[in-house]
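Here's the structure we're looking at; comments come further down.
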Amino acid sequence: MLADPRKQTTVILLRDRPLRLVWSLWPALGEGPTWIFIHGMGSSRWAFADLLAQRPVPGQYLAVDLPGFGDSQLPPFVQTLDDFRDAVHQLIQQLHLRQPILVGHSFGGMVAGRVVSDFSSDVGGLVLVASAGYFPPENAMKTLPWTWLNRIGIWITSFDFYGDRMLQALGLNPSEIPPSTRERMRYGWRRAKEMARMREFYPAPNFVEHIFQSTVPTVAIHGDRDILFPLPKVREAIGSAFPLLVLQGAGHLPYDYDLDGFIVLLNEAYQRIRHEANKS
């Protein structure tokens, strides 16, 4: 287990069962909103460690492990998208967070979008980073019908020989990734317990439409080399519903590809969210 002095634990109820949810806190250094960072499939709260260490935007940050990922507890039932939605919403309620801005990467964007769609009054803004939900992922790994075999596959593919190929496909140069970042990536991948038992990717019908109807200020950040959710199809899916900011050259992990460039876009997203919030 990676040492984390920022680690916090909250017990929520998921389908009336107590479940331990783990998150990390970066307290605010000044004025600003609360941000909740939600990781993608096969990842954990550690995905955002390098980004949040830079204090990229004003406010305090929470990075959460979704149920069955990272250090959060795996429920005794196979989850649906609504379960992940409820976990994030309960965290907001239990910590008495006032309209936080949700930042969701990939599957985490899908979860954040569902929170916004169903609990719009509790959220102050949404940033979708290389998000899932617009359409089913392309070129994604397929799971097998046997959870135990998927767990073995996850462990094997965490080693550098296979991991390097996955990182290259996601738009990164493995030789440029610092060892500490690589270890955090491996940690999240190996502890993706829920991913091992899912049989197909979660459906999210009318994803953009529901977000738009929520009236929560929303901005998307996407790379132009994303092989899972190609930019032209994402642009078509979003249309004029909300702004789409593009990080040139980035694949599916834009904050790992160009941290400084991503921070610029994240700040632009924040300013757009503030502007829309001030208009309402």
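Read-outs: derived from the displayed coordinates by stated rules, not from any lab. Bear in mind the structure is a predicted one, so any value in this text is a computation, not a measurement. Please note: Cβ atoms are built from the backbone with ideal geometry, for glycine as well, and neighbour counts cover all protein chains shown.
Side notes on the structure shown:
- Residue among G59, F37, Q8 farthest towards the positive dipole end of the range 1-71, charges placed on Cβ: Q8
- The separation of the range 206-280 from the range 78-97, counted between C-alpha centres, amounts to 23 Å.
- Relative packing of 225-236, 119-130, which averages over residues the other C-beta atoms within 10 Å, highest first: 119-130, 225-236
- Protection proxy ranking for 238-248, 87-97, using the average of other Cβ atoms within 10 Å per residue and placing the highest first: 87-97, 238-248.
- Rounded to the nearest Hz, the phi-derived 3J(HN,Hα) couplings of the range 111-128 under the Karplus curve 6.51 cos²θ - 1.76 cosθ + 1.60 (θ = phi - 60°) are 5, 4, x, 5, 4, 4, 5, 9, 9, 4, 5, 9, 10, x, x, 9, 10, 9, where x marks glycine and proline.
- Each Lys and Arg Cβ is given +1 and each Asp and Glu Cβ -1; about its Cα centre, the range 62-174 then shows a dipole of about 120 debye.
- Dipole in debye (nearest 20) - the chain, about Cα centre, beta carbon charges: Lys, Arg +1; Asp, Glu -1: 560
- Cα-only radius of gyration and Dmax that characterise the range 76-123, units Å: 10.5, 31
- Quotient of Cα Rg and 2.2 N^0.38 Å for the range 41-190, N being how many residues it contains: 1.09
- Largest first, the three principal axis extents of the alpha carbons in the range 227-280 are 36, 27, 13 Å in whole numbers.
- As a rough guide to protection, the peptides 197-210, 36-49 ranked by mean Cβ packing within 10 Å, highest first, stand as 36-49, 197-210.
- For L52, net neighbour charge (Lys/Arg +1, Asp/Glu -1) across residues whose Cβ lies under 11 Å away: +2
- For the pair L149 and R15, a Förster radius of 41 Å applied to the C-beta separation gives a FRET efficiency near 0.95, rounded to the nearest 0.05.
- Vicinal HN-Hα couplings computed from phi for the range 10-19 (Karplus, 6.51 cos²θ - 1.76 cosθ + 1.60; Hz; Gly/Pro x): 10, 9, 10, 10, 10, 6, 6, 10, x, 9
- When all alpha carbon pairs of the range 168-215 are counted in 5 Å bins from zero, the resulting P(r) reads 4, 14, 13, 14, 13, 16, 16, 9, 1 %.
- Summed residue charge, Cβ within 15 Å of F229's Cβ, Lys/Arg positive, Asp/Glu negative: -1
- In order through the range 91-107: 3J(HN,Hα) via Karplus (6.51 cos²θ - 1.76 cosθ + 1.60), integer Hz, x for Gly, Pro: 4, 4, 5, 5, 8, 6, 7, 8, 6, x, 8, 8, 10, x, 9, 6, 4
- Rg in Å to one decimal, and Dmax rounded to a whole Å, for the range 1-72 via C-alpha atoms: 12.7, 38
- A cut-off of 5 Å between modelled amide H atoms, ignoring neighbours fewer than 5 places along the same chain, links I38 with V103, G104, H105.
- Once the Cβ-Cβ distance of D160 and V264 is raised to the sixth power relative to R0 = 30 Å, the FRET efficiency obtained is 0.45.
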